[in-house]
Amino acid sequence: MSRSNRDYALLGRDAKLAEEIGLVSAQWYHTEIPRSEMKALMKRSDGPAIRDTIILFGVMLAAVSGGIALWPSWWSLPFWAVYGVMYASAMDSRWHECGHGSAFKTRWMNDALYQVACFCMLRNPVTWRWSHTRHHTDTIVVGHDPEIIAMRPADVARLLINVFGVYELIGNGRTTLQLIAGYMPETVKTFVPESERSKAFLIARIWAVIYLSVAALAIWMGSILPFMVIGLPIFYGSWHMVMTGVMQHLGLAENVLDHRLNSRTVYINPVSRFIYWNMNYHVEHHMFPMVPYHALPKLHEVVKHDMPPAHGSIFSAYAEIIPALRKQFQNPDWFVKRSLPGTAKPYRPEFHGDLEPGQPTPGIGGYPLATAAE
Amino acid sequence: MPWINACATDDIDEEDVIRFDHGDTSYALYHSPDGDFFCTAGFCTHEKVHLADGLVMDYLIECPKHNGQFDYRTGEARRAPVCVNLRTFPVKVEAGRVMVDLP
Ligand code: FES
């Protein structure tokens with residue numbers, strides 16, 4: 001097995017190399033779409049997100065009521081299962097879409113749902129907004145993208161444990177405590193501008209008051225029930241977010257400037273699409289972040305002639321991801337290069353170099369180590 | 001500086017934006033929903049991205065890269081991740097042409 005030849009640290013060796021070869025804040029490949037068509041796709045409306053938000057909160061309210069009513073009986077379990085997924089997975093996609101500001105047309109609605117979603121996910125609304133901004137600028141660029149969830153080779157134990165939201169909770173819990181204390185790590189400062197930092201501290205402190213109130217209630221009741229409603233759902237409801245999140249980029253290319261090479265579109269069932277708010281159209285979302293979630297299926301139809309074929313199911317996506325992760329243990333430069341249909345514009349070297357699976361990846365300083373025996 | 005004859009008024013749809021290059025600089029020209037015209041710098045102040053690929057909503061231009069927003073009448077940055085205001089340039093309409101006063 002080889003050790004990693006990559007330095008994923010945000011201020012590390014490969015961060016500098018990626019910058020030197022022009023991978024940072026670069027121009028990315030875009031499928032051409034006539035302006036009139038693009039404008040229609042980008043058009044904002046409140047209707048779909050209001051409908052979905054009413055359904056989401058309705059389901060959450062019903063599920064949490066059932067869970068509380070039947071607590072502590074095992075019969076409460078299915079109610080918590082539903083509540084948890086809505087709290088810790090559906091809120092992930094609401095955080096995402098509202099962070100882009102495209103879910104609703106009306107700004108305060110975006111902002112309000114964004115704050116609620118951030119609270120549920122324990123993601124500071126300021127630091128996470130800016131880290132996601134960086135993820136869109138430098139998608140899967142080693143040393144620059146703070147949202148790479150599996151390094152090469154993957155830490156499998158970490159991926160599995162995170163099905164229970166453990167690292168999500170530990171990471172965000174630690175950040176929240178740091179921000180409460182008025183401290184922001186240097187790596188986070190690389191993507192959060194000075195003018196925004198005080199807001200991050202303020203929100204962390206407001207959350208501290210809420211969590212302390214929940215703790216006081218739990219002590220007074222002599223029960224963990226209040227934490228079943230607030231906080232613990234991250235443990236028992238993150239699995240859907242992880243299942244869909246893993247499909248976004250894992251096993252695909254790093255350090256390229258064409259989202260068709262580093263992102264994955266997968267057809268999934270309608271319930272998961274509701275929870276994930278259509279982010280299964282992930283190549284499309286990255287190429288055109290202006291298009292709201294409800295228009296992504298339409299966008300997919302418009303651009304699919306220029307994309308690698310979408311995976312037909314979650315199972316098909318994992319059938320690609322798991323062997324790729326295994327191969328990356330032998331050679332971290334391995335990735336899946338999906339072939340394009342005849343109607344697509346070919347992958348262009350000016351967007352990613354002549355990148356081939358298993359060959360040294362541009363902007364990675366340590367590739368001679370990749371195949372060296374341990 | 002003389003006024004630059006940038007385009008015809010009907011080159012820009014209402015509530016839309018086009019790119020206008022002059023010399024080696026890029027600008028964005030806007031046609032507001034109530035028929036007025038405006039001009040700003042062509043690139044977002046967050047990263048070097050053409051605003052003309054973005055979306056005009058009333059008096060806001062939303063950047064296509066990270067959805068930052070500016071008021072294109074004043075150049076004011078209105079939504080993160082944009083924090084730095086956009087430069088604006090005077091515009092007048094003469095005989096169906098959009099004229100811009102560029103530096
Ligand atoms: S480049 Fe315009 S908002 Fe980031």
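For a quick check of understanding: with a 1.4 angstrom probe and all protein chains in place, what accessible area in square angstrom does B:ASP101 have, to the nearest ten? Estimated to the nearest 10 Å², B:ASP101 gives 40 Å².
Other chains' Cβ within 10 Å of B:60-67 residues: what's the mean?
On the way: counts 1, 0, 6, 2, 7, 7, 13, 9.
If you average over the peptide's residues, the count of other-chain Cβ atoms is 6.
Shown for the stretch B:4-100: the carbon plus sulfur share of the solvent-accessible area, taken with all protein chains present and a 1.4 angstrom probe, equals 44%.
Over chain A, DSSP H runs of length four or greater, each weighted -39,500 (n - 2.57), average out per residue to a 222 nm ellipticity of -16500 deg cm²/dmol.
Note on the stretch A:192-232: Rg/Rh from Cα positions, Kirkwood definition for Rh, rounded to two decimals, is 1.21.
In square nanometres and to one decimal, what's the mean projected area of the convex hull around the Cα atoms of the protein assembly as shown? Kindly include the intermediate steps, with their values, before the conclusion.
Numbers: hull surface 98.4 nm².
Convex hull of Cα atoms, orientation-averaged projection: 24.6 nm².
Once the chain from A:GLU186 to A:ASP155 is taken as fully extended at 0.36 nm per residue, the excess over their C-alpha distance is 8.7 nm.
Shown here: the stretch A:42-160, whose C-alpha atoms stretch 48, 42, 21 Å along the first, second and third principal axes, sorted largest to smallest. Extension gain, A:GLU194-A:SER25: 0.36 nm per intervening residue step, less the Cα-Cα distance, totals 58.9 nm.
Please give the per residue accessible area of chain B, computed with a probe of 1.4 Å over protein heavy atoms only, in Å².
45
What is the stretch A:175-252's relative contact order, in percent, from Cα pairs under 8 angstrom and six or more apart in sequence?
After rounding, I find 22 percent.
Let me know the volume per residue of the alpha-carbon convex hull for the stretch B:4-100, in Å³.
On the way: hull volume 7.6 nm³, N = 97.
Per residue, the Cα convex hull of the stretch B:4-100 comes to 78 Å³.
The residues packed around A:HIS311, meaning those with a beta-carbon under 9 Å from its beta-carbon, carry a net charge of 0 if Lys and Arg are +1 and Asp and Glu are -1. Of the complete DSSP H runs in chain A, those spanning 30 angstrom or more by Cα along the long axis with a mean Kyte-Doolittle score not below 0.0 are A:47-70, A:194-221.
Largest accessible area first, the residues B:ASP10, A:ASP92, A:ASP7 order themselves as B:ASP10, A:ASP7, A:ASP92 under a 1.4 Å probe with ligands, DNA and RNA left out.
What does the charge dipole of chain A about its Cα centre add up to, to the nearest 20 debye, if the Cβ of each Lys and Arg holds +1 and the Cβ of each Asp and Glu holds -1?
Values: 33 positive and 30 negative charges, 131 e Å.
Computed about the Cα centre, the dipole is about 620 debye.
Under the criterion of Cα pairs below 8 Å and six or more residues apart, the relative contact order for the stretch A:3-351 equals 24 percent. About its Cα centre, the dipole of the stretch B:4-100 is roughly 460 debye, where the only charges are +1 on Lys and Arg Cβ and -1 on Asp and Glu Cβ. Each Lys or Arg adds one and each Asp or Glu subtracts one; over the other residues with Cβ under 15 Å from the Cβ of A:ALA103, this totals +3. Quick one: check the C-alpha center-to-center distance for the stretch A:161-181 versus the stretch A:197-245, whole angstrom. The two parts, judged by their Cα centres, are 11 Å apart. In order along the stretch B:14-25, phi translates into HN-Hα couplings of 4, 6, 8, 9, 10, 8, 9, 9, 9, x, 10, 10 Hz, rounded to whole numbers, per the Karplus curve 6.51 cos²θ - 1.76 cosθ + 1.60 with θ = phi - 60° and x for Gly and Pro.
Considering only A:GLY101, A:GLY66, A:GLY222, the mean-square fluctuation computed in a Gaussian network model of chain A, springs between alpha carbons under 10 angstrom, is largest for A:GLY222. Take the alpha carbon atoms of the stretch A:285-301, find their center, do the same for the stretch A:78-125, and report the distance between the two centers in whole angstrom. Cα centroid to Cα centroid, the span is 19 Å. Between A:ASN269, A:SER213, A:LEU299, whose Cα lies farthest towards the positive end of the dipole of the stretch A:188-321 when Lys and Arg beta carbons carry +1 and Asp and Glu beta carbons carry -1, centred on the Cα centre? Looking along the dipole axis, the top candidate is A:SER213.
What is the sum of charges, Lys and Arg at +1 and Asp and Glu at -1, for the other residues whose Cβ falls under 12 Å from the Cβ of A:PRO297? Walk me through the numbers on the way to the answer.
Numbers: positive: A:ARG273, A:LYS298, A:LYS304; negative: A:GLU284, A:GLU301.
Taking every other residue near A:PRO297 into account, the sum is +1.
The values are calculated or read from the model by the stated rules, or taken from the named source; none is laboratory data. Just so you know, these numbers come straight off a predicted model, no measurement behind them. Cβ atoms come from the backbone with ideal geometry, glycine included; neighbour counts cover every protein chain shown. Keep in mind that these areas ignore ligands, DNA and RNA; they rest on the heavy atoms of the full protein, side chains included. Shrake-Rupley method; radii C 1.70, N 1.55, O 1.52, S 1.80 Å.
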